[in-house]
Amino acid sequence: MNIILCGFMGCGKSTIGRRAAQKLKLEFVDMDSFIEESAGMSVSEIFEKYGEEEFRRMETDAARKLSEGNNRIIATGGGAVLNPENVRLLKSNGVIIMLQVSPDTVLYRLRNNTTRPLLQREDKEAAVRELMKNRNPVYRQAASVIINANLPSAQVAVQVCHFAKNYIDKPPVTVL
Ligand code: S3P
């Protein structure tokens, strides 16, 4: 089984996932990096060259491949769990945790970021607020646990570890 982190861009999925995986001695996989390695180019380049639709197809491919492995902490991209097929694949071998953040946290953390194609808009604040309003219900629906990720990443990682440990350490149920 895997622990999967979902949530809006800038919620800390990669930073927190990496920290938690280190503490729990699990493998960490960042879905965007996984896609970038397979494609041999950055997410921005994929969007630019092939468009968002092709990126989403690659994302589903990655969800399928990553769900075949075990004992991983997987950081998804902020749009990955918007596709029910990805949720189905990821949940078939794992549990999803949502890292919840406020629009203000995202705007502050990504104030100088240029690698998120969906936020390269003149009115970044409006884009964040609008996307988040539409996406938060979907993240919540996909997740089994919601963690407040407006806090420093070290604190959030402790919470993720706490949950993941209980989950991963649980012995499989025996049915007689
Ligand atoms: C996206 C989020 C990005 C990346 C791509 C699309 C999204 O990942 O997958 O730019 O649709 O929210 P992060 O959430 O890691 O920024």
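The values are calculated or read from the model by the stated rules, or taken from the named source; none is laboratory data. Fair warning: this is a prediction, and the values are worked out from it, not measured in the lab. Please note: Cβ atoms are built from the backbone with ideal geometry, for glycine as well, and neighbour counts cover all protein chains shown.
A few notes on this one:
- Test for Asn93: is it surrounded by fewer than 19 Cβ atoms within 10 Å (Cβ to Cβ), at positive phi, in contact (Cβ under 8 Å) with a residue 12 or more places away in the chain and touching a strand residue (DSSP E or B) at 6+ places or on another chain (Cβ under 8 Å): no
- Selection status of Met9, touching a Gly at 6+ places or on another chain (Cβ under 6 Å) and at pLDDT below 95: no
- Among the candidates Ser153, Ser144, the residue that is more than 16 Å from the ligand (Cβ to nearest atom), touching a residue at least 40 places away in the same chain (Cβ under 8 Å), touching a helix residue (DSSP H, G or I) at 6+ places or on another chain (Cβ under 9 Å) and small (Gly, Ala, Ser) is uniquely Ser144.
- For the stretch 41-147, the helices (runs of 4 or more DSSP H) that sit wholly inside it and include 1 or more residues that are within 13 Å of Met31 (Cβ to Cβ) are 43-50, 52-67, 84-91.
- Scanning the stretch 37-49 turns up one or more residues that are surrounded by 14 or more Cβ atoms within 10 Å (Cβ to Cβ), among the hydroxyl-bearing types (Ser, Thr, Tyr) and more than 22 Å from Cys161 (Cα to Cα).
- Test: residue in the stretch 49-57 that is more than 12 Å from the ligand (Cβ to nearest atom) and in contact (Cβ under 8 Å) with a residue 60 or more places away in the chain: no
- Only listed residue being buried (at least 18 other Cβ atoms within 10 Å of the Cβ), at pLDDT 95 or above and away from the ligand (no atom under 16 Å from the Cβ), chosen from Arg88, Arg72: Arg72
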